[in-house]
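What follows is a short report on a single structure.
Nothing in this text is a laboratory measurement; each read-out follows from the coordinates by a stated rule. Only a predicted model underlies this, so the values are computations on that prediction, with no experimental measurement involved. Cβ coordinates were reconstructed from backbone atoms using ideal geometry, including for glycine residues, and neighbour counts include every protein chain displayed.
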Amino acid sequence: MRGEQREKRTILVTGGAGFIGGNFVLDQVASGDSVVVNLDALTYAGNLDTLAPVSKNSDYIFVRGRIGDRELVDRLLAEHRPSAIVNFAAETHVDRSIDGPKAFVQTNVVETHELLEAALSYWGALEGEDHDAFRFLHVSTDEVYGTLGPTGYFTEESPFRPNSPYAASKAASDHLLRAYHHTYGLPTLTTNCSNNYGPYHFPEKLIPLMILTALRGESLPVYGDGQQVRDWLYVEDHCRAILTVLERGRPGETYNVGGHNERTNLEVVKTICALLDEFAGGSPHESLITFVADRPGHDRRYAIDAGKIERELGWKPEETLETGMEKTVRWYLENPRWCEAARSRGYMGERLGLGGPA
């Protein structure tokens with residue numbers, strides 16, 4: 001199809017100035033297949049520097065605003081007539097949700113519901129092929145499932161057992177997606193992914209925090225004993241999965257997206273240190289590791305069974321943790337201006353998640 005003349009689809013992406021959303025927008029505009037309307041509130045984690053490569057592209061339109069602004073969303077839908085909404089907009093950091101859960105409930109539940117209402121009204125007025133082709137894809141997390149023991153995997157049938165305010169707010173939004181499909185017929189799709197990493201990641205999260213902190217020669221804080229296990233997913237693999245689900249997923253279905261890369265947090269930090277030793281030199285960075293008090297309610301292990309998306313849609317990750325982490329560390333070393341600008345947006349490496357709700 002790439003060589004054929006055909007009309008480009010229009011996608012309304014919400015939260016497209018964030019980490020995963022930003023990577024998705026860059027990929028979609030670069031493909032030449034889509035016009036992307038990016039609606040983002042530009043909270044502390046939203047960063048237009050990420051989107052500088054496409055800022056002057058005629059296939060990219062940025063609009064600052066919140067998904068809960070019904071008048072704005074209705075206007076964007078009427079003006080641009082997208083064939084899909086891909087919802088990345090969310091408050092995402094577990095530690096911040098411990099300190100201030102209200103913002104997570106507001107964005108991830110209340111405003112996501114408002115976006116669903118706008119989508120339902122818009123879709124209901126579409127006719128023919130436009131009505132049949134429309135999709136609402138909601139990007140969620142494996143944290144809705146809670147924690148695992150030393151064995152087993154989360155599947156799409158796993159019960160929701162969220163253990164942090166962030167996870168609870170995302171579980172609520174996932175339930176709303178399901179309800180809007182089964183009650184009103186809205187053609188929804190939900191993806192629940194494991195921990196992402198890669199370029200343009202806001203430095204409050206583990207991997208960019210460790211890279212940038214180590215480069216300054218400061219202590220690397222590892223929560224508890226560092227034996228918490230996560231399944232790591234390179235962000236480019238995740239973006240391919242989202243596009244695959246958008247194009248071929250069955251409405252009303254949920255798809256788990258994982259990287260097949262289970263590692264303890266301590267193993268991840270040590271991998272980063274070894275790569276920095278190789279690429280940046282200096283004293284062994286592993287000597288900077290310091291164990292600190294664990295996060296309250298810290299889930300012990302997440303692991304995704306991504307068999308459904310692999311069997312039904314043909315997606316699987318291309319990057320191992322080793323190849324993806326090498327790309328990631330190199331990117332941060334090669335983009336110091338982006339990193340410093342991101343740090344200046346309200347986070348300077350301080351510990352979060354110990355104070356409790358305000």
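Under a 10 Å cutoff between Cα atoms, tell me which one of A45, A125, A342 has the largest fluctuation in the Gaussian network model of the chain.
In this elastic network of the chain, the residue with the biggest mean-square fluctuation among A45, A125, A342 is A125.
Quick one: if the Förster radius is 41 Å, what FRET efficiency do A125 and T155 give, using the C-beta to C-beta distance and rounding to 0.05?
Once the sixth-power term is evaluated, E becomes 0.70.
Along the Cα→Cβ direction, 7 angstrom out, place labels at E340 and F291. What is the inter-label distance in nm?
Placing both labels 7 Å beyond Cα along the Cβ direction yields 3.7 nm.
Which ordering of R295, R70 is given by a fewest-first count of other beta-carbon atoms within 10 Å?
R70, R295
With each label point set 7 Å from Cα along the Cα-Cβ vector, what nm distance links R330 and E247?
2.6 nm
How long are the three semi-axes of the equivalent ellipsoid for segment 15-102, computed from the Cα gyration tensor as the root of 5 times each eigenvalue, in whole Å, largest first?
Semi-axes from the Cα gyration tensor: 23, 17, 10 Å.
With a/c under 1.5 counting as rounded, go ahead and sort segment 109-156 into rounded, prolate or oblate using the C-alpha gyration tensor (a ≥ b ≥ c being the square roots of the eigenvalues; past the cut-off, prolate if a/b is larger than b/c, else oblate).
Note, shape of segment 109-156 comes out oblate.
Would you kindly calculate the mean projected area, averaged across all directions, of the convex hull enclosing the Cα atoms of the chain, in square nanometres?
Value for the chain: 17.5 nm².
What residue among V86, V63, V73 has the largest mean-square fluctuation in a Gaussian network model of the chain, using Cα springs under 10 Å?
Among V86, V63, V73, the largest mean-square fluctuation in the Gaussian network model of the chain belongs to V63.
How charged is the neighbourhood of K308? Take every other residue with its Cβ under 9 Å from the Cβ of K308, and add Lys/Arg as +1 and Asp/Glu as -1.
Combined, the nearby Lys, Arg, Asp and Glu give -4.
Give me the net charge for the shell around C273: Cβ to Cβ below 11 angstrom, other residues only, Lys and Arg +1, Asp and Glu -1.
Taking every Cβ under 11 Å from that of C273, the sum is -3.
Report ³J(HN,Hα) in whole Hz for each residue of segment 323-332, in order, from the Karplus equation J = 6.51 cos²θ - 1.76 cosθ + 1.60 where θ = phi - 60°; Gly and Pro get x.
6, x, 5, 4, 4, 5, 4, 4, 4, 5
Would you list I242, I61 from fewest to most Cβ contacts within 10 Å?
The fewest-first ordering by Cβ neighbours comes to I61, I242.
Using alpha carbon centroids, what distance separates segment 185-207 and segment 47-98, in Å?
15 Å
Which ordering of W315, W331 is given by a fewest-first count of other beta-carbon atoms within 10 Å?
W331, W315
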